[in-house]
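Data block below; observations after.
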Amino acid sequence: MALITAADIPTGLVTGNFYFVSEDAIDADTNPELTAVSGTVVFTPVDSQGRVIQRLQLIGKVATAIPSQFNAKFDAQGQLVPLSGQGVGIRVPASSAPEWNPTGWKWRVEYNLTYAGTNRTVNLPSHHITVDTGQTVDLTAEAPLQETETVLTVRGETGPAGPQGPAGAKGATGSTGATGPQGPAGSSGVHIGTTPPADTTRLWVDTTL
């Protein structure tokens, strides 16, 4: 069996964006403020019983891998980054990779966050994530939300109609319709001359007078 190298370790990327929402400060608007969190996130490998993984083996490799905790922090934009600050997100061994022995372990995620403005500690519950090889895991999507009561939404009154929009483009010319029925015959015209007309119903204007 071959020796293990860093390139042999299957990995995935863990990312996250975290912010504090607070009341509006003295500024040009009245919107709540968003402030990037400060602090760290600790990733610990644990088995299905929650026990810390002491050692791992890559199938086909002559070496024992002793996994350690992985630590990340948040940058000035609230993005999760390695403690080195290089890159966005932290790359960790893929917990679901079939190359590992044992298999089926997960990462326990623990947060140590502070509000930079007051250094107030913020407690977020820990949770577990599974990381597949080559996968990007967003902590916001993976962290379970706290259960809350149902919120009733009340619809307000209908607002006034908005202004009429511009006229649309002229449509295509339609097909020619069917020919309508023939109209009634018109009245007889006036006959002007020196002899009476053959049609006695027509008015005759005698020009010999």
Matching strands (runs of 3 or more DSSP E) fully within region 19-109 where at least 1 residues are aromatic (F, W, Y) and in contact (Cβ under 8 Å) with a residue 24 or more places away in the chain
19-22, 38-46, 70-74
Residue count for region 17-75, restricted to those that are within 21 Å of L139 (Cα to Cα) and among the basic types (K, R):
1
Among the residues of region 110-142, which ones are without any contact (Cβ under 8 Å) to a residue 24 or more places away in the chain and over 17 Å from G16 (Cα atoms)?
T118, N119, R120, T121
How about region 95-117: which of its residues are among the hydrophobic types (A, V, I, L, M, F, W, C) and modelled with pLDDT under 85?
A116
Residues of region 100-134 satisfying the condition of being over 16 Å from F43 (Cβ atoms) and among the small types (G, A, S)
G104, A116, G117, G134
Filter region 121-173 down to residues that are part of a helix (DSSP H, G or I) and not acidic (D, E) and give me whichever is modelled with the highest pLDDT.
L139
Which of the residues belonging to region 1-42 are within 23 Å of the chain's Cα centre (by Cα), among the small types (G, A, S) and within 30 Å of T64 (Cβ to Cβ)?
G12
What about V21, is it touching a strand residue (DSSP E or B) at 6+ places or on another chain (Cβ under 8 Å) and open to solvent by 70 Å² or more (accessible area, probe 1.4 Å)?
yes
Of all residues in region 3-18, which are open to solvent by 50 Å² or more (accessible area, probe 1.4 Å) and assigned to a strand (DSSP E or B)?
N17
Here the residues within region 82-111 that are under 30 Å from T35 (Cβ atoms) and crowded, with 19+ Cβ neighbours inside 10 Å are G89, I90, V92, W107, V109, Y111
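The values are calculated or read from the model by the stated rules, or taken from the named source; none is laboratory data. The structure presented is a predicted model; accordingly, all values stated were derived computationally and were not measured. Here the Cβ is made from the backbone with ideal geometry for all residues, glycine too, and neighbour counts use every protein chain on show. Just so you know, the surface numbers come from the protein's heavy atoms only, side chains and all, with ligands and any DNA or RNA stripped out. Shrake-Rupley method; radii C 1.70, N 1.55, O 1.52, S 1.80 Å.
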